[in-house]
Amino acid sequence: MNQPLNSTWQITGASLIGGPLAGFYLLHKNFKVLGQSSSAKLSLNLGFTFALLLVLVVIFAPENFNGIVFAGIYCGLIRMYAEKIQGEHYSKYIENGGSKASHWQWFLTGIISLLIFLLVAFIVAFLLMSFAPDTLPDHWYE
């Protein structure tokens, strides 16, 4: 069966919309198609780890924190990682007749990841406000 692969730009776009979880999830799917199950598991674990770190950064960031620059940096890093790890495999796969993933797929993956991120961030913030309000920055209460 000819399963599609996501390009590095699709992975980057999903990361921009839905955070690192989306990008690493698409890397995970690519690794599974390429038959690299240990790398697939690692990429999924990295996605969860970096998504949780992003939730904490968003919650504890100072009031004047520039999220656009931060998003650009982590998207650039994910793109470089995807290019280094899968760029050559992707090119060979497509040259040998493999199919490319739909643009709708990465876009919807990004949207779903964004919704998951917002839900987790809300839950973590609510729990911190309820049980450890002194840990949150002062600008949360202004």
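Throughout, read-outs are computed from the coordinates displayed, never taken from laboratory work. As the structure is a prediction and not an experimental result, all values here were calculated from the model. Every residue, glycine as well, gets a Cβ built from its backbone with ideal geometry; the counts of neighbours run over all protein chains shown.
Some values worked out for this structure:
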read-out: Given [x] 49, 27, 22; [y] 48, 29, 27; [z] 58, 25, 24, the label whose value is Cα extents along the principal axes in Å derived from this model; value: [z]
read-out: Förster-model FRET efficiency, 35 Å R0, Gln105 and Val69, C-beta, rounded to 0.05; value: 0.80
read-out: Helix axis angle, 8-18 relative to the chain longest principal axis, alpha carbon, degrees; value: 20 degrees
